[in-house]
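Have a look at the structure below before the remarks.
The values are calculated or read from the model by the stated rules, or taken from the named source; none is laboratory data. Being a predicted model, the structure only gives us computed values, none of them experimental. Quick reminder, even Gly has a Cβ in these numbers, built from the backbone with ideal geometry, and neighbours come from all protein chains shown.
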């Protein structure tokens, strides 16, 4: 059985202030305004986010994916009218290509320590990951802004041209399809691309290493990707997630930890996400 008290002890011992306050808000009735204020120092004057908000990007400069992390936290804290949002949109507008998308990572990443997979692509092309996730997060927050029109069209164009995909692109694509207002078009797109996901998903409950289980794509009962999996398979993966709580109270992760400080930072994030998934599926 999962111990939420042990998870809390782990977070107080090892996690960042941001994750400690997120836990307090989500599971102890804490003030969500404290979460928002803990997020604020990560924001730069250009409106973007850096400073290790995404733990594998250690530099201070603004990058696209940390902006989506910030939007996720703002939504979680119920901060739909946050004064951070206009500045985030200014940042996204400034880095958007002619096609309406934003790059995976900006070349400024090269100036600072980072995970080895954070490499800019020559020409700085737009990418579905993270554009799809950013658009989804803004729709989720109820934002209406001119940036979203071209970005939404960029996502549709990329999704409708897909013949293959990858796990992290899949997550951005799924987020977009779950939040975009045109539900008939989203359902039709899902019917075509859903089967493309299956080769990338580890169906074995409790599989170790850098794997992507069903709950990575369908963590909530209403998740679009739940259509791919039987109820029994989801139940088995929830059992495995419960069993994966470690003796120190936290959860681990299978992807590479390239420098020691990122291990507790990521474990704090993953621990909260594990608790949310278990809670939303009636396991807490």
Open item on the list: Within segment 89-109, does at least one residue satisfy the condition of being surrounded by fewer than 19 Cβ atoms within 10 Å (Cβ to Cβ) and within 25 Å of residue 272 (Cα to Cα)?
Closed with: no
Open item on the list: Need pairs with beta-carbon distance below 6 Å; first residue on the phi > 0 side of the Ramachandran plot and within segment 71-94, second part of a helix (DSSP H, G or I) and modelled with pLDDT of 95 or more; sequence gap 6+ or separate chains.
Closed with: 78/32
Open item on the list: Exactly one of these conditions fails for residue 169: (1) within 20 Å of the chain's Cα centre (by Cα); (2) modelled with pLDDT under 95. Give me its number.
Closed with: (2)
TODO: Would you mind telling me which numbered condition in (1) assigned to a loop (DSSP other than H, G, I, E, B); (2) buried (at least 19 other Cβ atoms within 10 Å of the Cβ) residue 67 fails?
DONE: (1)
Task: Test result for residue 8, under 20 Å from the mean Cα position of the chain (by Cα), touching a residue at least 60 places away in the same chain (Cβ under 8 Å), surrounded by 14 or more Cβ atoms within 10 Å (Cβ to Cβ) and part of a helix (DSSP H, G or I) - done: no
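Which of the residues belonging to segment 264-280 are within 27 Å of residue 114 (Cα to Cα) and under 17 Å from the mean Cα position of the chain (by Cα)? So that I can check it myself, show each step before the final result.
Here is the first cut: in segment 264-280, the residues within 27 Å of residue 114 (Cα to Cα) are 264-274.
The answer is 265, 266, 267, 268, 269, 270, 271, 272, 273, 274.
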- [ ] Kindly check whether there is at least one residue in segment 95-112 that is touching a helix residue (DSSP H, G or I) at 6+ places or on another chain (Cβ under 7 Å) and in a helix (DSSP H, G or I).
- [x] yes
Task: Scope segment 227-246; condition part of a loop (DSSP other than H, G, I, E, B) and within 17 Å of residue 273 (Cβ to Cβ); matching residues - done: 244, 245, 246
- [ ] Hey, can you tell me all the residues within segment 21-46 that are in contact (Cβ under 8 Å) with a residue 24 or more places away in the chain, assigned to a helix (DSSP H, G or I) and in contact with a helix residue (DSSP H, G or I) (Cβ under 8 Å, 6 or more places away or on another chain)?
- [x] 22, 23, 25, 26, 27, 32, 35, 36, 39, 40, 42
